1. Condition check: more than 20 Å from residue 9 (Cβ to Cβ), exposed (fewer than 14 other Cβ atoms within 10 Å of the Cβ) and either in contact with a strand residue (DSSP E or B) (Cβ under 7 Å, 6 or more places away or on another chain) or modelled with pLDDT under 95 (or both). Does residue 149 satisfy that?
2. Every residue in the stretch 123-150 that is closer than 23 Å to residue 24 by Cα and within 13 Å of the chain's Cα centre (by Cα), please.
3. Quick one: how many residues across the stretch 46-61 are of a type in the set (S, T, N, Q), farther than 22 Å from residue 113 by Cα and in contact (Cβ under 8 Å) with a residue 24 or more places away in the chain?
4. If we scan the stretch 62-74, do we find a residue that is without any contact (Cβ under 8 Å) to a residue 24 or more places away in the chain, exposed (fewer than 15 other Cβ atoms within 10 Å of the Cβ) and part of a helix (DSSP H, G or I)?
5. Yes or no: the stretch 25-47 includes at least one residue that is at pLDDT 95 or above, farther than 17 Å from residue 134 by Cα, surrounded by fewer than 18 Cβ atoms within 10 Å (Cβ to Cβ) and over 15 Å from the mean Cα position of the chain (by Cα).
6. So the check is Cβ under 9 Å with 6+ separation or different chains; which pairs have a first residue in the stretch 18-45 that's at positive phi and a second one that's among the charged types (D, E, K, R) and assigned to a helix (DSSP H, G or I)?
7. Going through the stretch 5-23 one residue at a time, which ones are within 16 Å of residue 75 (Cα to Cα) and assigned to a loop (DSSP other than H, G, I, E, B)?
8. Kindly check whether there is at least one residue in the stretch 117-124 that is within 18 Å of residue 144 (Cβ to Cβ), touching a helix residue (DSSP H, G or I) at 6+ places or on another chain (Cβ under 9 Å), aliphatic (A, V, I, L, M) and not in a strand (DSSP E or B).
Amino acid sequence: MTTSTRLEVGQTAPAFTLDDQDGARVSLSDFAGDKVVVYFYPAASTPGCTTEACDFRDNINSLKSAGYTVIGISKDAAPALKKFQSEQGLNFPLLSDPDLAVHNAYGAFGEKSLYGKTVMGTIRSTFVVDETGSITLPLYNVKASGHVASLRKKLGLDA
């Protein structure tokens, strides 16, 4: 099995509707006219994913003030997402994609290297979607630590 097709700058972001941590339906189209940061992470409450989520949490105000909404997506079920959000004080929605349909649409699931072995899994990825629904920044295989600082720099948000 190989990695699903990767998105490129200028492509239309694949539409999705998923349940959030509270069981509410959230669609990408809910944010039409806004800039959205959609990030995919392997599993709630694991060390790397906690580091990355807390990094987004700690930088949410600077992202919001620049007009960005942050959405996290994993294959975790809503109760695990709710626990993760509550334990870490996360201030953005976490969406559940248990069948990996959205992961696959974004190219965020496929072969990756884990401790020297090739495995199938979530590829830690981040996508910036503009007000018209186009991908302006596709980032694959991002590092959990330091990712938001790197993202802010790429978005020109560092003063």
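1. yes
2. 126, 127, 128, 129, listed by residue number.
3. If we filter the stretch 46-61 for residues that are of a type in the set (S, T, N, Q), which is where we start, we get 46, 50-51, 59, 61.
Those left that are additionally farther than 22 Å from residue 113 by Cα: 59, 61.
With in contact (Cβ under 8 Å) with a residue 24 or more places away in the chain added as a condition, the list becomes 59.
So the count comes out to 1.
4. Here is the first cut: in the stretch 62-74, the ones without any contact (Cβ under 8 Å) to a residue 24 or more places away in the chain are 64-65.
Going one step further and asking which of them are exposed (fewer than 15 other Cβ atoms within 10 Å of the Cβ), we end up with 64-65.
Filter once more, so that each one left must be part of a helix (DSSP H, G or I): 64-65.
So far as the stretch 62-74 goes, yes, one or more of its residues are without any contact (Cβ under 8 Å) to a residue 24 or more places away in the chain, exposed (fewer than 15 other Cβ atoms within 10 Å of the Cβ) and part of a helix (DSSP H, G or I).
5. Looking for residues that are at pLDDT 95 or above, farther than 17 Å from residue 134 by Cα, surrounded by fewer than 18 Cβ atoms within 10 Å (Cβ to Cβ) and over 15 Å from the mean Cα position of the chain (by Cα), one finds at least one in the stretch 25-47, hence yes.
6. That search, which allows pairs on different chains as well, returns 23/82; 45/83; 45/87.
7. Those that are within 16 Å of residue 75 (Cα to Cα) and assigned to a loop (DSSP other than H, G, I, E, B): 16, 21, 22, 23.
8. Yes; the residues of the stretch 117-124 include at least one that is within 18 Å of residue 144 (Cβ to Cβ), touching a helix residue (DSSP H, G or I) at 6+ places or on another chain (Cβ under 9 Å), aliphatic (A, V, I, L, M) and not in a strand (DSSP E or B).
The values are calculated or read from the model by the stated rules, or taken from the named source; none is laboratory data. All values reported here derive from a predicted model rather than from experimental measurement. We place every Cβ from the backbone using ideal geometry, glycine too, and count neighbours over all the protein chains shown.
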